[in-house]
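The values are calculated or read from the model by the stated rules, or taken from the named source; none is laboratory data. Bear in mind that the values here come from a model prediction, so they are computed numbers and not experimental data. As a convention, Cβ positions derive from the backbone with ideal geometry for all residues, glycine included, and neighbour counts pool all protein chains shown.
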């Protein structure tokens, strides 16, 4: 079991921490299965780089933390299925394989295990390749509430609470 130094927040798929205003928030443990750095990945923007440098390198389907350890978990899993491995989107966000429903189900359950009773899970999902409704079905429940955002309104932010489920994934 990893020592979280009494931190209250866990980001299980931090990537380059693009959703964070403070990319080194002192109450947060940042995890990702990748540890990578890319430079000049956009052809028209020569100085752009991506640095994926988690505090703890681990897979979100098998977290190295004790149960009931965190008050808040952030889950922003990869959402792409059809992009090429060499694309900048895959380098930035990662990619799902054909077993994505089971992987998201297992990852969601791991997130719930490490949450304290009444802890909150914030789930971010881009409907680029897979509609959110299929994700809710895969994990077995819908968020308590959420919001679509982005230019095309294809990114969904959902809120779950441990012990307060919505058993209807449809």
Do we find a residue being touching a strand residue (DSSP E or B) at 6+ places or on another chain (Cβ under 7 Å), surrounded by 17 or more Cβ atoms within 10 Å (Cβ to Cβ) and over 20 Å from residue 146 (Cα atoms) anywhere in segment 113-131?
yes
Just to check your reading of the model, which residue among 127, 110 is closer than 20 Å to residue 93 by Cβ and touching a residue at least 60 places away in the same chain (Cβ under 8 Å)?
110
So, of the residues in segment 38-55 that are at pLDDT below 80 and assigned to a loop (DSSP other than H, G, I, E, B), which turns out to be nearest to residue 87 (Cα to Cα)?
41
Any residue at all in segment 117-130 that is farther than 19 Å from residue 165 by Cβ, in contact with a helix residue (DSSP H, G or I) (Cβ under 9 Å, 6 or more places away or on another chain) and part of a strand (DSSP E or B)?
yes
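For residues in segment 66-82 being part of a loop (DSSP other than H, G, I, E, B) and either under 16 Å from the mean Cα position of the chain (by Cα) or free of Cβ contacts under 8 Å to residues at least 40 places away in the same chain (or both), which is farthest from residue 50 (Cα to Cα)? Outline the logic, then answer.
Of all residues in segment 66-82, those part of a loop (DSSP other than H, G, I, E, B) come to 66-69, 76-82.
After this cut, where a residue has to be either under 16 Å from the mean Cα position of the chain (by Cα) or free of Cβ contacts under 8 Å to residues at least 40 places away in the same chain (or both) as well, the list is 76-81.
Values: 76: 17, 77: 17, 78: 16, 79: 18, 80: 18, 81: 20 Å.
The residue in question is 81.
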